[in-house]
Amino acid sequence: MNRTWIFIIIFLSTFISLSLYAEDEPSNPVQFKVRLLGGLGLGSNEGLGDGTTTNNFSQELRVQLLYNQSYQSINKQETQVNQQQQNKKRESSWNVSSEGMGIDLGYIHLLTTESGTVNYFQLSLILLDVTFNDIFVFQYGLGVAIPEDAKRRIAGNFFIGTGIEIPISRTFAIPILIRYDIFFTGDDIDKDNNPSDAISIFRLSTGISMIF
């Protein structure tokens, strides 16, 4: 028990130190971002979940790891130039603040059928994330979903999401995202003539973002 508390104290001390260091440092064009998210939503069973759906309520926990390129300093310089040149055209109302690439890891309860709960581990090796005007977020990704129950089928996964990320300091922000996922897989040849089975999920996610 004493060792556990020692590890917790060391972890928190290191995390706080890194956060304070990031606050004191000038804005870095290259950043590492971590998003911790939880979400709730509704699923639509299009054959991937065996049996009739009894509950389509969806829940998720996920983490997104992003390697970010920030354009904030460039946008600030452009804003200053535009303010000095009042008689010229105003700059575009949509400026790219940052672009990121990374991975998305999640555990999601999609829905419940007569055969039981349908739970998947998600791994998106392609995650693209763009922030506009320091607050508006757009992202999409592609990966694979592995069922918690070995009897179910592995599925492909595509998602698209949008929302806002509210900065509360240089290090922390609060994301609020609306996301659509589709889980899809080909049918067994002997099963039926449909080209594929799928589950679609709409949900709302929030949590915290940390920028280093």
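The values are calculated or read from the model by the stated rules, or taken from the named source; none is laboratory data. All values derive from a computational prediction rather than experimental measurement. Reconstructed Cβ throughout: ideal geometry from the backbone, glycine too, with neighbour counts over all protein chains shown. Areas reflect the complete protein model, heavy atoms only, side chains present, ligands, DNA and RNA absent. Shrake-Rupley method; radii C 1.70, N 1.55, O 1.52, S 1.80 Å.
For the reader, a short list of remarks on this structure follows.
- Two numbers describe the Cα atoms of region 109-159: Rg and Dmax, which are 14.7, 46 Å.
- The relative contact order of region 109-155 comes to 33 percent, based on Cα pairs under 8 Å that sit 6 or more residues apart.
- For region 99-212: accessible area per residue (Å², 1.4 Å): 49 Å²
- Theoretical FRET efficiency, 1/(1+(r/R0)^6), r = Cβ-Cβ of residue 99 and residue 148, R0 25 Å, to 0.05: 0.15
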